[in-house]
Amino acid sequence: VALLTAGAEVVVFTAAEPARAASIGDVVPAPVSAQPASGTVYTLPAEAGIFTEAGSAQAAEVGNLLAGILRPSTGYPLPVSAAGSGTPSGGISLLLSGADASVGQQGYRLDVTSASVVIRARTATGLFNGVQTLRQLLPAEVESTTVRPGPWTVPGGRIVDYPRFAYRGTMLDVSRHFHPLATVKRYIDRIALYKINYLHLHLSDDQGWRIVVDAWPRLATYGGSTQVGGGAGGYYTKAQYQDIVAYAAQRQITIVPEIDMPGHTNAALASYAELNCNGVAPALYTGTDVGFSSLCTSKETTYTFAQNVLAELAAMTPGPYLHIGGDEASATSASQYATFMNRVQPLVAATGKAVMGWHQIGASAVQHSPGRVTQYWGLTTSDSLVSGAVSKGAKVVMSPANKAYLDMKYTSATTPGQNWAGYIEVQTAYEWNPGTYLSGVPESAVLGVEAPLWTETVATEDHIETMAFPRLPAIAKLGWSPWSTHNWTAFRQRLGAQGPRWTVMGIDFYRSPQVPWA
Ligand code: TNX
C-alpha cells in the first residue's frame, strides 16, 4: 500500500492498482496554477480520438506524438484528426485558440472534465508542454510499451501554466565518453517529460572530437577514435547530427552544439599538426586531466579552422546558439585568450548565431557580442566575470557546479561520479534560486538553468540515468515553476510519485532516501 498526499487529500491505493495522480496539480515541474475539480475524473474510452487544431501541421505533429505514447499501453486506436469548430466534446483536443494570453509562447491551459481533455496554447510548443503534463496525470503504466489494463484516468480540474525562464537545459558530454545516437534520443525522450527545452551537446574535448567536419576530416576519423579509458570512442556523421536535431525539434528541444576552444582541444591538436604552435601533433589523450591543451592563438590556420568548423556546424543547427566553450584555458595566457575570443566571436556572429560560452568568456578584455550568453559553473554566489558580462548586456545560464552538475556524486557511496564540487543530494540540487543566486545578476539577466552531465566517469546509459534522475527533474522544476511554489516537502512528494513512471520507462534512477518513493 502506498500513500500519495495532495494538500489535504490522502489517497490510498494498493499495489494491484496502477499508480495514478491524486490531483491535477501533481505534476513535475509544479504548474503555475492548478484548480482541482474534486470528484471529477476523466477516463479515456477505447473509442477516444485525438483532435488537433484544423490547418496546423505542427499541432497534428504534437497529436501524433501523444498518440504514439498512448497507443502501445492502452491498445486503443486513438485516431488523430482535425478538430471541428465549436466546443470540443469527448477525447483529447489540442487547440491553438482560446488559451489565456498569460500562457505566452511556451505555456498552455489544460481543462479536464468527466467528458473531455482539452489543451489550449498559442503555439505548438505550448501544446507539447501541455501534453507532458497530461502524460504525468495519466497512470504511470501509460508509458509502457506493451498493453496494460488501465483504467486510463486523469484527475479533473484546470491548469494554467507557463515557464519562469525561457531556457531549461541539460548538457551531455559525448566527448569524454562517446554516447551513441540511440542513447541521445532516449535522453531526449526522457528530458522532454520535464519540459526541458535545450540540449547542449559537448561535442569536442581533449579526449575526443565527435562531429564530422568536411573541411577537416581527421577531426572525427582520428580525433574521434578514442575516449577516456582508451575505448573506441566514435563520432556523429552529419546525417546523424541532423537526425538528433530533428528528433529534438519534434520534442520542442533545441540543440546547442559546443566546440570547446581554445583549451580542451587535444583531440583536434592530435589530428592536425598545423594547429599546434610547434607544428607537432601530440598523441591522442585518454586520461581525465584538464587545462593542458590550447589551439595556437597566433597562427592564422587556427582561425581558418575555427571559421570552417563553426560555419559547418551552424549550417546544420537551426537553434540560435553556438557554444564555443572557453573554460579552463590554463595553457593559454590571458592576452592570448582575449585575442582568440575577439577573433572567434565575430566568426559565430557571421553564421547568424549568438555566442554561448562558459563564464570565463566574461573576461574584461573579451568584447561583448550581441546576444551573448554566459554559462555560470562556479562554486560561489558572486562572480565578477559574470556580473561584468551582464553589465555589458550578456544573459546568463545558471549551472552552479555545486548545485546543478549531474556528474557529481549524490553521496560518497555513489558510483559513478566525481566530487570536486561536493556531493549533490536531491535536496541540494533543489535548494537554490536561479533568479537571485548570483550577486550583480538580476533575474532579468537570467535566461535560465542548465544541468550539465560531464562523462569522465559516466560511461553507459545506465550511468546517465542514475546521475540525471531524480536531480534533472529538480533543476527542471527550478527553471519552470514560479518561485512561490518552491517547497521541498511538497516537491519530494511529487518527485516520489514519479518513481513508478521511471520504472515503467526503464529508467535506472537513484532511489534517494530523501524522497518518499511511491
Ligand atoms: C570542469 S565545468 C569542466 C569539465 C569537466 C568537469 C567535471 C567546465 C566548464 N569544465 O571539463 O568535465 O569539470 O566535473
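The values are calculated or read from the model by the stated rules, or taken from the named source; none is laboratory data. Values in this document were obtained by computation on a predicted structure and should not be read as measured data. FYI the Cβ positions are ideal-geometry reconstructions off the backbone, even for glycines, and counts take in every protein chain you see.
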Contacts under 7 angstrom Cβ, first residue in the stretch 313-325 being closer than 13 Å to Val355 by Cβ, partner among the charged types (D, E, K, R), 6 or more apart:
Ala314/Lys353; Pro320/Lys353; Tyr321/Lys353; Leu322/Lys353; His323/Glu258; Gly325/Glu258; Gly325/Asp260
When you go through (1) more than 26 Å from Val446 (Cβ to Cβ); (2) more than 19 Å from the chain's Cα centre (by Cα) one by one for Trp488, which number turns out not to apply?
(1)
Could you tell me how many of the residues in the stretch 397-422 are within 13 Å of the ligand (Cβ to nearest atom), surrounded by fewer than 22 Cβ atoms within 10 Å (Cβ to Cβ) and either more than 17 Å from the chain's Cα centre (by Cα) or not assigned by TED's automatic domain parsing to the domain that holds Met467 (or both)?
8
Among Pro151, Pro88, the single one that is at pLDDT 95 or above, away from the ligand (no atom under 16 Å from the Cβ) and surrounded by fewer than 24 Cβ atoms within 10 Å (Cβ to Cβ) is Pro151
Pick from the stretch 311-350 the residues that are β-branched (Val, Ile, Thr) and within 24 Å of the chain's Cα centre (by Cα): which of them is nearest to the ligand (Cβ to nearest atom)?
Ile324
Which one of Glu461, Glu465 is of a type in the set (Asp, Glu) and either within 15 Å of the ligand (Cβ to nearest atom) or touching a Ser or Thr at 6+ places or on another chain (Cβ under 7 Å) (or both)?
Glu461
Filtering helices (runs of 4 or more DSSP H) wholly in the stretch 220-316 for at least 2 residues that are within 30 Å of Ala166 (Cα to Cα) gives 238-250, 300-315
Here is a check on your reading of the model: is Thr304 at pLDDT 95 or above, surrounded by fewer than 17 Cβ atoms within 10 Å (Cβ to Cβ), over 25 Å from Val184 (Cα atoms) and among the β-branched types (Val, Ile, Thr)?
yes
